[in-house]
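The values are calculated or read from the model by the stated rules, or taken from the named source; none is laboratory data. This one's a predicted model, so the numbers in the text were calculated from it and none came from an experiment. Here the Cβ positions follow ideal geometry from the backbone for every residue, glycine too, while neighbour counts run over all protein chains shown.
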Amino acid sequence: MIDFPILSIMTFLPLAGVLVILATIRGDDEIADRNTKYVALYTSLFTLAFGVFMYVNFDGSSAEFQFVERSSWLKPFGIGYHMGVDGISMFFVLLSVMLTPICIISAWDAIKKRVKEFMIAFLVLESFMIGTFCALDAVLFYVFFEGVLIPMFLIIGVWGGPRRVYSSYKFFLYTLLGSVLMLVGLLVLFAQTGTTDIPTLMANPVATNLQYWLWLAFFASFAVKMPMWPVHTWLPDAHVEAPTAGSVILAGVLLKMGGYGFLRFSLPMFPEASAYFTDLVFWLSVIAIIYTSLIALVQEDMKKLIAYSSVAHMGFVTLGIFSVTTQGLEGAVFQMLSHGLISGALFLCVGVVYDRLHTRELSRYGGIVSNMPRYATIFMILMLGSVGLPGTSGFVGEFLILMGTFQADTVIATLAATGVVLGAAYMLMLYRKVVFGPRENRDALSMPDLNKREFYILLPLVALTLWLGVFPTMITDKIAPSIAKLVNDYETHLVQAGLMEPESKIQLAQLEMQKAGENN
Amino acid sequence: MVDFNLVPLLPEIFLAITAMGLLIVGAFHGNESTRAICWASAIGVVVTGFILLGLDWNERHVLNNMFVFDQFSGLMKVIILLGVLASLALSVRYIIQEGIERFEYPILLLFAGIGMMIMVSANNMLSLYMGLELQSLSLYVLAAIHRNSSKSAEAGIKYFILGALSSGLLLFGISLIYGFTGSVDFDVIGRSLMSVETIPQGVTFGLVLILAALAFKISAVPFHMWTPDVYQGAPTSVTAFFAMVPKIAAMGLLMRLLLDPFAAAFDQWMQIIYFVSLMSMIVGGFAALVQEDIKRLLAYSSIGNMGYALIGLVAGTAEGAGAVILYLFIYMIMTAGTFAVVMCMRRNGMAVYKISDLSGLSKNSPVLAYVLLVLMFSMSGIPPMAGFFGKLVVFNAAVDQGYYILATLGVITSVIAAYYYLRIVKVMFFDDAVDAFDKELPLARRVVMLFSVVFVLCFVFKPSPFMSMSLSAADSLFSNAAIMSAPAGDDAQSLEPAAG
């Protein structure tokens, strides 16, 4: 095992990179900009190296938190600095450290003004993202979770498109409103239990009548972040206006914070409330899947289309999470990771053609398969991954989720399955209009194919999409113990509250026997 | 308990002697000596601070129980002195730039400082009133110190008339309290209120009047009307001082008054503070949305901030009082930095105040823009900045006592407030650049900015010393206070023999 604080190092390494940039690089000429980019890139690559090291040393057979660090922080309140990862959060940390260097490279030439500030914003963002997934104290979690807003607000607002001001405000205020309600919930939780330590809270849910209110408070935050219908409207705006790298990180990691929050807070801490509100979440998710898929069908803007598809995919994730079955939860986590890779890569693909033609309108493209064959191939794999074709990672997630949801609610699962068809419809339409279609736009047909840089940043994402599609156990094996524990604890609490059928009481008896066996 | 020892008063005495000595120097040398007097005053404040730190911080009552020195007043005085020091540092160059280089200026700041130090140490209605008036009279003059500017004169007059009215209310309230309890001594008032079953109507009435007067001093809604006008009219260095220090002193006074002698009337004053706090947050949030002048915007922001601070007082616990102290301290540091930037808003030697004047500041003067960026995010309470922890502790204190609705409305207004803080960031970073500001950036201003930003950014790494300090100061406020409402039952009775 590792005997140094790897999670803190990963969290604060990007900030150290920021300090290096601030301390050593002066001026804003080309040389300074290039140095800044290299410092940012190497910092993020170092962080990635630590991430890989963490993955290798992670004990996949355990459901416990690993690499745990504790020290005092807000001492008078007994709130500590507590970090650690389990099977679920470890992969989100990996996703964050993997996408950041890709974003930095993708912005290499695309960002021309205020390069230094852009790189600083990205490193700060990376630090907060890692912190969010590693934090095992609710207040610490909140600090990172909400801190993310600052760099993202600036990334959209400074480097974004024409309506960037409106979009950045909308993004910031929507998410902030959700978050502050969670803060109140958090304080109530603290007042009732006297602790903000996440593992402690997970093990000891609060009184049932309080759970409903707290669940709603946390739901306000995570549903906006996710985003769920009807509070999803900030996402298309933010995506359209954000620079490519911003969209990638937004779709790739920031949306996952909502799902992670459900897994880390809502289900284990408020099990009875979660059971009570399951139908609400199911219906919101189904509406999100069908409604946003239909909206995606009529979009003219490539980024908007992918943004709406993100909302639909996140609808699947919430279904999986609140089905609270092993398959559903594994599928939800898998789908989040896979969506992080695929939608991130899709936004990069949009960025590639946007850099050449400076438009995202579908009608301005068409027939580019002849002049951009490599691009067409990569785009196709990603598109099919997003559709959920077997052999890509998208399939595994969706299939597991539908399987889990089917056990929980047949009607919902059936309705959600129509979303898969609609998903295929809008993604194939997107692909046809951009890559095939009539060869009418001369400027689109004269675009050069992917350059080396673009090819090599897309390559790992495409490779992972395929690799995880045929070999999903690489992830599912490591998350399985944590998921199993989550489901087990959840059912145990429900049984104790008398909300569950006898058949699962047998499970409870088994569980108790197991525990007794371990003690002996 | 009566003690004629003057040692706990040493800081005030030293500062008063310094101020009067400098007054004589100024009278002989005229306005040319302003700069020297400013720096001498700053040194005087620092020395006073060291004297204060050198004192024994255990609770002492002196001057016939009119003056109390304990951890609470000690900490508040340190904060006040820091604020005065920052104001002096911000003023030195500014008053020269604005042509209001009068030697009385730094001396008035010192006198106001002495008044405030007496306020937070007052243990008697009379010493309270004296401290408050010493402070107020200095402030009236400061607001109007720009004699050639009609706006400054207007601000001074407005502040004076309304201030005089509030002093009148205060005196009327005090006389009612005196009539119904038979004393102006805090301890006696506290004991006599503790010994009665129900609080007499007259006392409640007097309390309302006193609260109205103090709400005026901290510019809480509905007694906030003067704030935007005075903030706008007064010279910016004076506005900075108004925004930082007098409010802290008045809040300190309010805390001692409500949590010590009027602890038994918790149910009465809690409703008032609840209402005032809520309204301040709402009005501060909404009214600031439409402001075009940065000083008016900061005025409404300060109104809102007082609302948040009062939440901690509503809780009525030591934890809440500690939260208020921490909140005010963080607020003061953020305000100092913000005003340091506002003072740099000058074009061709003329000060400008429109928010739109900040357009594209990030291109012209990136340092100023980044300082203001950090401070604005901190003001809106976004972690990991210090401002978030200020809000966290006050909301925590409220939630801890079950004030869920107040806390929820509080966080919602903080989102509204975030909008106008973001607007400043937006103007600086997203809008196209206009003409650059004058490049001049005096050393003192730079130091204030640096200190403020470093504090705001680094607070997250080591928050506990500040939290423990504010909590233990608040505890000292409760040690001699009658026990608060919630656990009133047993403890209140055990106190009664002492009352008899």
Filtering the range B:200-224 down to residues that are more than 17 Å from the chain's Cα centre (by Cα) and of a type outside the set (Val, Ile, Thr) yields B:Pro200, B:Gln201, B:Gly202, B:Phe205, B:Gly206, B:Leu207, B:Leu209, B:Pro222
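What number of residues within the range A:68-104 are in a helix (DSSP H, G or I) and either of a type in the set (Phe, Trp, Tyr) or touching a residue at least 12 places away in the same chain (Cβ under 8 Å) (or both)? Step through it out loud before you land on a result.
Here is the first cut: in the range A:68-104, the ones in a helix (DSSP H, G or I) are A:75-77, A:87-104.
Those left that are additionally either of a type in the set (Phe, Trp, Tyr) or touching a residue at least 12 places away in the same chain (Cβ under 8 Å) (or both): A:77, A:87-104.
Residues that pass the stated criteria total 19.
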Checking the conditions here, which among B:Met385, B:Met306, B:Met334, B:Met343 is surrounded by 24 or more Cβ atoms within 10 Å (Cβ to Cβ), in contact with a His (Cβ under 9 Å, 6 or more places away or on another chain) and not basic (Lys, Arg)? B:Met306
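Being modelled with pLDDT under 95, crowded, with 22+ Cβ neighbours inside 10 Å and assigned to a helix (DSSP H, G or I) narrows it down to one residue among B:Leu214, B:Leu162; which is it?
Among B:Leu214, B:Leu162, only B:Leu214 is modelled with pLDDT under 95, crowded, with 22+ Cβ neighbours inside 10 Å and assigned to a helix (DSSP H, G or I).
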Search result, residues across the range B:18-55 that are in contact (Cβ under 8 Å) with a residue 12 or more places away in the chain, more than 23 Å from the chain's Cα centre (by Cα) and farther than 21 Å from B:Phe111 by Cβ: B:Leu55
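I'd like to know if the range B:189-207 contains one or more residues that are within 18 Å of B:Ala249 (Cβ to Cβ) and part of a helix (DSSP H, G or I). First the steps, then the outcome.
So the first thing to find is which residues in the range B:189-207 are within 18 Å of B:Ala249 (Cβ to Cβ), and the list is none.
No, every residue in the range B:189-207 fails to be within 18 Å of B:Ala249 (Cβ to Cβ) and part of a helix (DSSP H, G or I).
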State the number of residues belonging to the range A:133-145 that are in a helix (DSSP H, G or I), more than 11 Å from every other protein chain (Cβ to nearest Cβ) and closer than 24 Å to B:Val411 by Cα. 1
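Looking only at the range A:191-206, decide whether some residue is within 11 Å of another protein chain (Cβ to nearest Cβ), of a type outside the set (D, E, K, R), in contact (Cβ under 8 Å) with a residue 12 or more places away in the chain and part of a helix (DSSP H, G or I). Explain how you work it out, then say what you get.
The first filter runs over the range A:191-206 and keeps only residues within 11 Å of another protein chain (Cβ to nearest Cβ), leaving A:191-192, A:194, A:196.
Next cut, of a type outside the set (D, E, K, R) only: A:191-192, A:194, A:196.
Remaining after also requiring in contact (Cβ under 8 Å) with a residue 12 or more places away in the chain: A:192, A:194, A:196.
Subset that is part of a helix (DSSP H, G or I): A:192.
Yes, the conditions are met somewhere in the range A:191-206.
For the range B:391-411, state whether one or more residues are more than 11 Å from every other protein chain (Cβ to nearest Cβ) and crowded, with 24+ Cβ neighbours inside 10 Å. Show your work before the answer.
We begin by selecting, within the range B:391-411, every residue more than 11 Å from every other protein chain (Cβ to nearest Cβ); these are none.
No, the conditions are met nowhere in the range B:391-411.
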Can you report the number of residues in the range A:346-388 which are within 19 Å of A:Asp237 (Cα to Cα) and in contact (Cβ under 8 Å) with a residue 24 or more places away in the chain? 10
In the range A:22-42, anything without any contact (Cβ under 8 Å) to a residue 40 or more places away in the chain and closer than 24 Å to A:Leu99 by Cβ is listed as A:Arg34, A:Asn35, A:Tyr38, A:Tyr42
Looking at (1) buried (at least 24 other Cβ atoms within 10 Å of the Cβ); (2) at pLDDT below 90, find the lone condition where B:Phe72 falls short. (2)
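Pick out the one residue from B:Val454, B:Val448 that is more than 9 Å from every other protein chain (Cβ to nearest Cβ) and without any contact (Cβ under 8 Å) to a residue 40 or more places away in the chain.
It is B:Val454.
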Search result, residues across the range B:101-138 that are outside any helix (DSSP H, G or I), surrounded by fewer than 22 Cβ atoms within 10 Å (Cβ to Cβ) and out of contact with any Gly (no Cβ under 9 Å at 6 or more places or on another chain): B:Glu101
Scan the range A:146-178 for residues that are within 9 Å of chain B (Cβ to nearest Cβ), among the hydroxyl-bearing types (Ser, Thr, Tyr) and crowded, with 24+ Cβ neighbours inside 10 Å and jot them down. A:Ser168
Which members of the range B:412-426 meet the condition of being closer than 14 Å to B:Leu297 by Cβ, surrounded by 21 or more Cβ atoms within 10 Å (Cβ to Cβ) and touching a residue at least 40 places away in the same chain (Cβ under 8 Å)? B:Ala417, B:Tyr420, B:Tyr421, B:Leu422, B:Ile424, B:Val425
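Residue by residue through the range A:430-454, note down the ones that are of a type outside the set (Lys, Arg) and more than 17 Å from A:Tyr375 (Cα to Cα).
Filtering the range A:430-454 for residues of a type outside the set (Lys, Arg) gives A:430-431, A:434-438, A:440-441, A:443-451, A:454.
Hits for the range A:430-454 are A:Pro438, A:Glu440, A:Asn441.
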Quick check on the range A:274-287. Is at least one of its residues of a type in the set (A, V, I, L, M), over 15 Å from the mean Cα position of the chain (by Cα) and more than 21 Å from A:Tyr490 (Cβ to Cβ)? yes
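Taking the options B:Phe241, B:Phe223, name whichever one is part of a helix (DSSP H, G or I) and at pLDDT 90 or above.
Details: B:Phe223 fails: part of a helix (DSSP H, G or I).
Only one candidate passes the filter, namely B:Phe241.
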For the range A:442-452, does any single residue satisfy the condition of being among the hydroxyl-bearing types (Ser, Thr, Tyr) and either touching a Cys at 6+ places or on another chain (Cβ under 9 Å) or touching a residue at least 12 places away in the same chain (Cβ under 8 Å) (or both)? yes
Any hit, the range B:389-410, residues being on the phi > 0 side of the Ramachandran plot and out of contact with any strand residue (DSSP E or B) (no Cβ under 9 Å at 6 or more places or on another chain): yes
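Does B:Met279 satisfy being out of contact with any strand residue (DSSP E or B) (no Cβ under 7 Å at 6 or more places or on another chain) and more than 28 Å from B:Pro200 (Cβ to Cβ)?
Details: out of contact with any strand residue (DSSP E or B) (no Cβ under 7 Å at 6 or more places or on another chain): yes; more than 28 Å from B:Pro200 (Cβ to Cβ): no.
Criteria not met by B:Met279.
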Scan the range A:147-157 and give yes if some residue there is within 26 Å of A:Tyr276 (Cβ to Cβ) and touching a Ser or Thr at 6+ places or on another chain (Cβ under 9 Å), otherwise no. no
Selection status of A:Thr244, more than 23 Å from A:Ile457 (Cβ to Cβ) and in contact (Cβ under 8 Å) with a residue 40 or more places away in the chain: no
A:Tyr212 vs. criteria facing another protein chain (nearest Cβ under 10 Å), surrounded by fewer than 23 Cβ atoms within 10 Å (Cβ to Cβ), among the hydroxyl-bearing types (Ser, Thr, Tyr) and out of contact with any Ser or Thr (no Cβ under 8 Å at 6 or more places or on another chain): no
